[in-house]
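Worksheet for the structure shown next.
The values are calculated or read from the model by the stated rules, or taken from the named source; none is laboratory data. All figures in this text were calculated on a predicted structure; none of them were measured in a lab. Cβ: placed from backbone, ideal geometry, glycine included. Neighbour counts: every protein chain shown. Note: accessible area is taken over every heavy atom of the protein model, side chains too, but ligands, DNA and RNA are not part of it. Shrake-Rupley method; radii C 1.70, N 1.55, O 1.52, S 1.80 Å.
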Amino acid sequence: MVVESRPSLYHGPTMKTVILAILFVVVLAGSAQTGPLATQVESVFPDAQSLYLDLHQHPELSSHETRTAAELAARLRALGYDVTEHVGGTGIVATLKNGPGPTVMLRTELDALPVEEKTGLPYASKVHTEDESGRDVPVMHACGHDIHMASLFGAASIMARTKDTWHGTLMLIGQPAEETITGANKMIADGLFTRFSKPDIGIALHDTNLLPTGKVGVTPGYSKSNADSLKITIYGRGGHGATPEKTIDPILIAARTAVTLQSIVSREIKPGDAAVITIGYIQAGTKNNVIPDEAQMGLTVRSYQPEVRRHLLAAIERVTRAEAMAAGAEKTPLIEKYESTSAVYNDPVLTQHLAGVLESALGKDSVETEPPIMTSEDYSYFIDQGVPSFYFTLGVANTRKFAEAQAAGTDLPSNHSPLFAPDAGPALHTGIAAEVAVLRDLLRGSAADARKFTEQSGTK
């Protein structure tokens, strides 16, 4: 998630004037929280901030979030939630029943990334651990999942203290291994929606430096993309580099394949339909005068629409096999799909409704409509199980730095960067308030009322 860089278009006012003007707008947007909800958020903020600082300094890799899950589970249990741990590995499910009504799910991720933190913050992570292959790696919450967990905890605290403002069942999910797009599916396979109630509606948020603190973003329809990770092994016949006529060169086949694959999007996908084929690596050989027996290619394939996804994957297989056949390869290439997740789809009617709820809670200027992006998220596994959902974004960029970057046409460090540093205090205030406002709205009618949104949309 990167802000597009472009030269400044300002020629009249000075840069200082521009920055001050943007700051003024941002401050107005960030100051819209007033009234009882703001007071409630302030009352739980110290504990939420304490959890955030603790989690930030003790990040854990995907599928190894044992301490993280235990910390969150213990705090939710102390609030009165019925907590089950070790669901799908390190996942947790916490429920709070408050009479008849709908079941609404709020999900957070637990995992961090193998990234060395370079923010210079006094609470920066210094953690190192072994990854799955036994390598020593640094660990950092470079995607902001610590913000997500602390926001969920703050919202859970308010909901537990104000049960007179809602009714139904609140279902909190602490999901492991989002960064490897495996955790949601593992929780489902472990009986998430059979051992526990299947929610009528699901909610999730993700932080972003593309918005300043005080703002949230909403996207009706497709929000994040399908993602398929492919490893292609091309087989040739190795030999001496000086006698290529006695070999079948897999590097040349890989090169031709790479070029032809790029024509799929430009010549087979309808203009306007989102599609990406990126070849992240080609690996082959050990020495300059040796033609190897095989070459490997790594691809990420992105799309929104299921039919586009099917076309891309089928075309990749067709092109890969054809290039190998054209080169006289004696063995068919091996195409392996080792990671996969569907697109995140926001129910349009539900999104429109909750955008209005957020405007009422945070201020009209605090809610922005954002375009879909081509990053992926395994929250889609929950949607694929028939849980209509609202997935929105939380601005975490420091307002001053955001204004300066906008004025200069530069980018702030994005998620997954070692320099990613959310402005945690203001971001938590907005994240908690937004989640409480959404949950209270959805948990005020009947289960049938909750389901009416998808019935009006006619969507999954």
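Numbers below:
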{"quantity": "Pair residue 384, residue 163: separation of 7 Å Cα→Cβ label points (nm)", "calculated": "3.7 nm"}
{"quantity": "All-pairs Cα distance distribution in the range 364-460, expressed in whole percent, bin size 5 Å", "calculated": "2, 9, 14, 19, 21, 14, 9, 8, 4, 1"}
{"quantity": "Label point 7 Å beyond Cα of residue 338 along Cβ direction - residues of the range 213-256 with amide nitrogen under 18 Å", "calculated": "227-235"}
{"quantity": "Linear extension gain, residue 289 paired with residue 276, 0.36 nm per residue minus alpha-carbon span", "calculated": "1.2 nm"}
{"quantity": "Dipole magnitude (debye, nearest 20) for the range 323-392, charges at Cβ of Lys, Arg, Asp, Glu", "calculated": "100 debye"}
{"quantity": "Label-point separation, residue 322 to residue 42 (7 Å along Cα→Cβ), nm", "calculated": "6.6 nm"}
{"quantity": "Rounded to the nearest 20 debye, dipole of the range 277-326 from Cβ charges on Lys, Arg, Asp, Glu", "calculated": "160 debye"}
{"quantity": "Cα-based reach from residue 118 at 24 Å (exclusive), listing lysines while leaving out same-chain residues under 8 positions away", "calculated": "126, 401"}
{"quantity": "Reference-scaled alpha-carbon Rg (2.2 N^0.38 Å with N residues) for the chain", "calculated": "1.07"}
{"quantity": "Surface per residue (accessible, 1.4 Å probe) for the chain, Å²", "calculated": "43 Å²"}
{"quantity": "Percent of beta bridges antiparallel (DSSP, the chain, rounded to nearest 5)", "calculated": "70 percent"}
{"quantity": "Whole-Å distance, taken between Cα centres, linking the range 376-400 and the range 253-309", "calculated": "28 Å"}
{"quantity": "Extension gain (nm, one decimal) between residue 118 and residue 255, 0.36 nm per residue minus Cα-Cα", "calculated": "45.7 nm"}
{"quantity": "Gain upon complete extension [residue 135, residue 447; 0.36 nm per residue less C-alpha separation]", "calculated": "107.4 nm"}
{"quantity": "Tilt relative to the chain, helix 399-408 - C-alpha long axis, 0 to 90 degrees, to 10", "calculated": "40 degrees"}
{"quantity": "Nitroxide proxy distance, nm - points 7 Å out along Cα→Cβ at residue 233 and residue 296", "calculated": "0.9 nm"}
{"quantity": "Helix axis angle, 306-326 relative to the chain longest principal axis, alpha carbon, degrees", "calculated": "20 degrees"}
{"quantity": "Eligible lysines near residue 198 by straight Cα distance, threshold 19 Å, same-chain separation 8 or greater", "calculated": "97, 186, 452, 460"}
{"quantity": "Nearby aspartates and glutamates by direct alpha-carbon distance to residue 337 (threshold 15 angstrom, same-chain neighbours under 8 apart not counted)", "calculated": "228, 317"}
{"quantity": "The chain - percent of accessible surface contributed by carbon and sulfur, probe 1.4 Å", "calculated": "54 percent"}
{"quantity": "Mean shadow area of the range 193-320 over all directions, Cα convex hull, nm²", "calculated": "13.4 nm²"}
{"quantity": "Packing rank of 401-414, 125-138, where each peptide gets the mean count of other beta carbons within 10 Å, highest leading", "calculated": "401-414, 125-138"}
{"quantity": "For residue 241, distant residues with modelled amide H under 5 Å away", "calculated": "290, 291"}
